[in-house]
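*Asks:* Sharing a structure with you now.
The values are calculated or read from the model by the stated rules, or taken from the named source; none is laboratory data. Everything quoted here is computed from the prediction, not taken from an experiment. Don't worry about glycine lacking a Cβ; one is built from the backbone with ideal geometry, like all the others, and counts go over all protein chains shown. Areas reflect the complete protein model, heavy atoms only, side chains present, ligands, DNA and RNA absent. Shrake-Rupley method; radii C 1.70, N 1.55, O 1.52, S 1.80 Å.
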Amino acid sequence: MRKSATTAQAGRIPAQPGPRGVPLGMLVAPVQPDAKDLTAGQPGPEDIMAGTVQADTGEQTGPGSVIPGAGPAGRPGERATVRLRDVGPDDPPRYAPEWLELREGADAVARAPELLDPLRIRLANLPGRSGVVIHDLGCGTGSMGRWLAPRLDGAQHWILHDRDPYLLHFAAVASPRAAADGSRVTVETRRGDVARLTPDALVGASLVTASALLDVLTREEVDALVAACVGAGCPALLTLSVAGKVELTPADPMDTEIADAFNAHQRRDGLLGPDAVTVTCEAFAAHGATVRVHPSAWRLGPDEAALTAEWLRGWIGAAVEERPELKERADQYLERRLAACAAGELSVLVHHSDLLALARPTRGTS
């Protein structure tokens, strides 16, 4: 597996712990020459593609101020973000930046390029304006933008949504600045979680993207997401949803037992887990959208030992959380698997699915 191009066009994502509880509008980019260059001059929504807004990310700003492309929008009257469920102020972020950075290379290799041609055709035939506006839901550190923006032609404005201001910060400063044909790519960030999504949040959207999101949603939340995309008349590229199947080589007698417990954990509290892609396809089809699905498996071998080890800990840990009676045997299983991983003797195929939904365009489509 090739190494990730995580930050080939921008700065590397640091792995140190980030600030928590940062007031909205107070998160600014670090004062470094490259970071300042990357975030200065990013446009607000009203200046999409125009390049008329200038921002100096080296200056500390007061509460309620917004630095385009470098921090969360938090002032009264801000444009709606996407929110799929309420979270408390002390609710921890779902994903650590270290994990997101570790998996980015595997994600980039796994995503299905076969879905890009039909997407390019749809975007090329959008009526009206030049350039596209892309909403990335649950953007994390921005890996989707780093993968997709350089694969699409034309000017792009990315609107990055996440609940964690630290992740939004790095998604912005490490985002690509050029499309496949050299056209400009601009970025803004919006802080919020993904639930109760309405078409109002996607006004002017040309495309909605997400990675590893569908399987952590409920049926109601998927219905809201689908209705919003259809209402906005924009396509959706939803990648890397778990498929409920894992293959480890060499095999172990506990593989199936752990996998079953993990899948049950993924379905806890009404979450869709491995059923997410099927449910989402059915929801889009019910609205008349054309849906394509393609496999996007992680293929982890000796070159991905660090990712494999962390994935094993999380996979087995979730299984034990679901079935505590497995703990003693699962601890021994993990020890065996980690030893094989360290020795370069373990390979893992983690099945995912990518989904492209092409809704009928509406007058509100960008």
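*Asks:* In the range 116-138, which residues are under 15 Å from Val208 (Cα atoms), open to solvent by 10 Å² or more (accessible area, probe 1.4 Å) and not in a strand (DSSP E or B)?
*Replies:* If the condition is that a residue be under 15 Å from Val208 (Cα atoms), open to solvent by 10 Å² or more (accessible area, probe 1.4 Å) and not in a strand (DSSP E or B), then Pro118, Arg120, Arg122, Leu123, Leu126, Gly131, Gly138 are the ones that fit.
*Asks:* I've got another one for you. Here are Ala305, Ala259, Ala297: which of them is in contact with a Cys (Cβ under 7 Å, 6 or more places away or on another chain), of a type outside the set (Val, Ile, Thr) and open to solvent by less than 40 Å² (accessible area, probe 1.4 Å)?
*Replies:* Every option except Ala305 fails the conditions.
*Asks:* Which of the numbered conditions does Lys327 fail, given that it passes all the others? Conditions: (1) under 22 Å from Ala110 (Cβ atoms); (2) open to solvent by 40 Å² or more (accessible area, probe 1.4 Å).
*Replies:* (1)
*Asks:* Please state which of the following conditions Val216 fails to meet, knowing it meets all the rest: (1) surrounded by 15 or more Cβ atoms within 10 Å (Cβ to Cβ); (2) hydrophobic (A, V, I, L, M, F, W, C); (3) within 30 Å of Pro127 (Cα to Cα).
*Replies:* (3)
*Asks:* Taking the range 92-115 on its own, how many of its residues are outside any helix (DSSP H, G or I) and either at pLDDT below 90 or among the acidic types (Asp, Glu) (or both)?
*Replies:* 5
*Asks:* Going through the range 262-285 one residue at a time, which ones are out of contact with any Asp or Glu (no Cβ under 9 Å at 6 or more places or on another chain) and open to solvent by 50 Å² or more (accessible area, probe 1.4 Å)?
*Replies:* If the condition is that a residue be out of contact with any Asp or Glu (no Cβ under 9 Å at 6 or more places or on another chain) and open to solvent by 50 Å² or more (accessible area, probe 1.4 Å), then Asp269, Thr278, Glu282, Ala285 are the ones that fit.
*Asks:* Are any of the residues in the range 140-163 buried (at least 22 other Cβ atoms within 10 Å of the Cβ), touching a residue at least 24 places away in the same chain (Cβ under 8 Å), of a type in the set (Ser, Thr, Tyr) and not in a helix (DSSP H, G or I)?
*Replies:* Looking for residues that are buried (at least 22 other Cβ atoms within 10 Å of the Cβ), touching a residue at least 24 places away in the same chain (Cβ under 8 Å), of a type in the set (Ser, Thr, Tyr) and not in a helix (DSSP H, G or I), one finds at least one in the range 140-163, hence yes.
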